[in-house]
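The values are calculated or read from the model by the stated rules, or taken from the named source; none is laboratory data. Everything quoted here is computed from the prediction, not taken from an experiment. Methodologically, a virtual Cβ is constructed for each residue, glycine included, from the backbone with ideal geometry; neighbour enumeration extends over all protein chains shown. Side chains are part of the model used for accessible areas, which takes the heavy atoms of the whole protein and leaves out ligands, DNA and RNA. Shrake-Rupley method; radii C 1.70, N 1.55, O 1.52, S 1.80 Å.
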Amino acid sequence: MKKGEFLLGLVFTPLGIRGVFGRDLTTLDVLMITNSFGRLLGEGSTVVLGMDTRSSSPLVSKAVSAGLLSAGVDVIDIGVAPTPTIEWAVDFLNADGGVVVSASHNPPEWNALKLLGERGILIDPKDSETIREDYLGRKFDSVPWDKVGNEMEADVVEDYIAAILSLVDVDSVREAGLKVVLDPNGGAGSIVTPYLLREMGVELTTLNSVPGIFCRELEPRPEVLKNLVSLVRAVDADVGFAHDTDADRLAIVTERGEAVAEDVTLALVVEKVLKERRGGTLVVNIASSRIFDDLAERYGGKVVRVPVGEVYVARKMLELSADVGGEGSCGGVIYPALHYGRDGPLAAAMILERLAKEGRKLSELVADLPQYATVRGSVSGEVNWNALREEILKISKERSIVGISELDGVRIDSEDFWVLVRPSRTEHKVRIVVEAKERRKAERLFNEFVRIVRDHVS
Ligand code: MG
């Protein structure tokens with residue numbers, strides 16, 4: 001079976017195992033998968049367990065715990081917590097791994113397991129494959145009665161907030177008297193980010209902050225942040241922040257009420273780090289904007305690209321001791337001084353520090369970034385990838401292409417645009433990203449590549 005192929009609707013990817021709860025992802029599935037994960041870590045290991053605010057999450061979390069305990073693994077249950085808090089807690093509590101119960105930005109009926117290894121980094125794709133094979137073989141091995149793991153509870157939210165505060169200049173933020181509006185959309189961020197921001201002395205207004213009540217679409221795309229935009233304008237705020245349900249993502253709205261693309265969140269943080277460190281190593285995925293190459297050039301840094309997926313970014317960052325990185329297309333900032341996962345609350349704190357210390361408006365900081373027009377989209381269906389790949393390589397020979405990368409799908413770079421075409425790992429889709437200096441050119445190229453992809457999809 002190929003990577004990302006569907007199993008009765010349950011999707012296995014290196015980034016997590018996800019499906020509609022009760023239909024594709026059942027309580028029994030969760031038991032089997034986490035028993036396998038527990039056996040992989042080994043008897044006597046310790047795992048941190050946390051969850052988002054979905055209605056199915058408490059049940060899934062209990063099944064995770066049972067699966068791990070049955071493999072002789074000890075569980076430290078930290079309850080409702082953002083994904084970044086759980087990742088950070090794996091290191092903080094000296095655990096061997098972690099399990100995050102959250103379907104992130106997927107709709108409310110979905111749930112998912114994100115399996116973490118040492119240092120809170122997603123497990124190796126080879127280990128995901130072992131777990132998938134165990135699952136397909138319906139393998140469940142229980143330890144005997146005297147080897148069952150122990151379950152403990154811990155509350156780490158205050159320590160996590162303190163860890164973020166130790167990395168930013170809180171005094172400057174307090175003195176700046178910033179006004180902030182936050183929309184955590186009832187996700188796990190509701191129990192962390194408002195408290196973090198209040199500790200930083202900002203004047204905070206929240207909306208959609210009742211845990212478990214999702215008031216807008218879960219993915220914080222600019223188009224769904226209308227209420228946040230209105231409130232930023234109404235209270236004359238300096239910035240608006242929004243999370244997905246597990247708060248690894250951060251979307252931002254400027255003081256002018258503009259919801260900006262999520263690449264910008266990462267770019268603002270990357271610029272801060274490269275500027276302060278006068279360079280450094282930056283890791284981003286192949287679908288990320290040229291903004292990052294330009295910023296690296298501006299501050300004397302180096303860009304390393306990896307396939308799409310947080311696991312690839314995080315592992316490369318660890319390997320290179322990178323300074324900063326992330327996944328631009330989803331506002332995911334990774335700053336290893338805290339941990340090796342995407343972190344929405346940390347990104348919010350770092351952006352507030354920039355506003356306070358630089359004394360400039362957010363819209364000005366955004367306008368100072370290199371400007372590109374990006375168009376993203378997908379074509380659904382089964383793809384004949386070899387034929388499509390050949391076609392794209394043929395096209396690249398006819399144009400003035402300066403670079404071709406096959407790190408993940410095919411990316412072709414010319415002087416003034418680039419195009420990435422890659423098969424999705426989680427759905428029967430081909431994803432297309434086009435970036436150019438001018439929006440019309442990006443749109444024209446995007447439409448052209450949609451037509452090319454359609455010819456190879458059934
Ligand atoms: Mg998420």
Put +1 on the Cβ of every Lys and Arg and -1 on every Asp and Glu Cβ in the chain; which of Thr13, Leu388, Val90 then has its Cα farthest towards the positive end of the dipole? Leu388
Could you tell me which of rounded, prolate or oblate describes the range 90-140, using a ≥ b ≥ c as the square roots of the eigenvalues of the alpha-carbon gyration tensor, with rounded for a/c under 1.5 and, failing that, prolate when a/b is larger than b/c and oblate otherwise? oblate
Can you compute the charge dipole magnitude of the range 5-156 about its Cα centre, using +1 on each Lys and Arg Cβ and -1 on each Asp and Glu Cβ, nothing else charged? Give it in debye, rounded to the nearest 20. 400 debye
With every protein chain present, what is the per residue accessible area of the chain (1.4 Å probe, Å²)? 40 Å²
Calculate for the chain the 222 nm mean residue ellipticity that helices alone would give, adding -39,500 (n - 2.57) per DSSP H run of length 4 or more and normalising by residue count, nearest 500 deg cm²/dmol. -11500 deg cm²/dmol
Given 0.36 nm per residue, what is the gain on full extension from Arg360 to Ser230 after removing their alpha carbon distance, in nm? 44.6 nm
Nothing charged except the Cβ atoms of Lys and Arg (+1) and of Asp and Glu (-1): what's the magnitude of the dipole of the chain about its Cα centre? Round to the nearest 20 debye. 1400 debye
State whether the range 213-271 is rounded, prolate or oblate according to the following rule on the C-alpha gyration tensor (a ≥ b ≥ c being the square roots of its eigenvalues): a/c under 1.5 gives rounded; otherwise a/b larger than b/c gives prolate, and the remaining case gives oblate. oblate
Given the options Gly344, Gly301, Ile286, identify the residue whose Cα lies farthest towards the positive end of the charge dipole of the range 262-351 (+1 on Cβ of Lys, Arg; -1 on Cβ of Asp, Glu). Gly301
In Å, descending, principal axis extents of the Cα set of the chain: 65, 59, 39
DSSP-defined antiparallel bridges as percent of all bridges, the chain, nearest 5: 60 percent
Gyration tensor (alpha-carbon) shape descriptor, the range 262-367, a/c threshold 1.5: prolate
State the extension gain, in nm to one decimal, for the chain segment bounded by Arg454 and Arg439, taking 0.36 nm per residue of separation less the distance between their alpha-carbons. 3.2 nm
Of the peptides 183-191, 211-219, 110-118, how do they stack up when ordered by the mean number of other Cβ atoms within 10 Å, highest first? 183-191, 110-118, 211-219
Which entries in Lys272/Lys437; Lys179/Lys437; Lys226/Lys357; Lys179/Lys441; Lys302/Lys429 show an alpha-carbon gap greater than 26 Å? Lys179/Lys437; Lys226/Lys357; Lys179/Lys441; Lys302/Lys429
The summed charge of the Glu276 Cβ neighbourhood (under 14 Å; Lys/Arg +1, Asp/Glu -1) stands at +2
Length-normalised contact order for the range 373-454 - Cα pairs under 8 Å, 6+ apart - percent: 36 percent
Return the FRET efficiency for the residue pair Asp368, Arg198: r is the Cβ-Cβ distance, R0 is 25 Å, and the value is rounded to the nearest 0.05. 0.30
Partner lysines whose C-alpha sits under 21 Å from that of Lys139, ignoring same-chain residues fewer than 8 away, are Lys2, Lys3, Lys62, Lys114, Lys126, Lys147
Summed residue charge, Cβ within 12 Å of Gly381's Cβ, Lys/Arg positive, Asp/Glu negative: -1
Would you mind telling me the antiparallel percentage of the DSSP bridges in the range 262-367, rounded to 5? 25 percent
With every protein chain in place, the chain: carbon and sulfur % of accessible area (1.4 Å): 47 percent
Cβ-placed point charges (K, R +1; D, E -1), dipole of the range 262-367 about Cα centre in debye, nearest 20: 240 debye
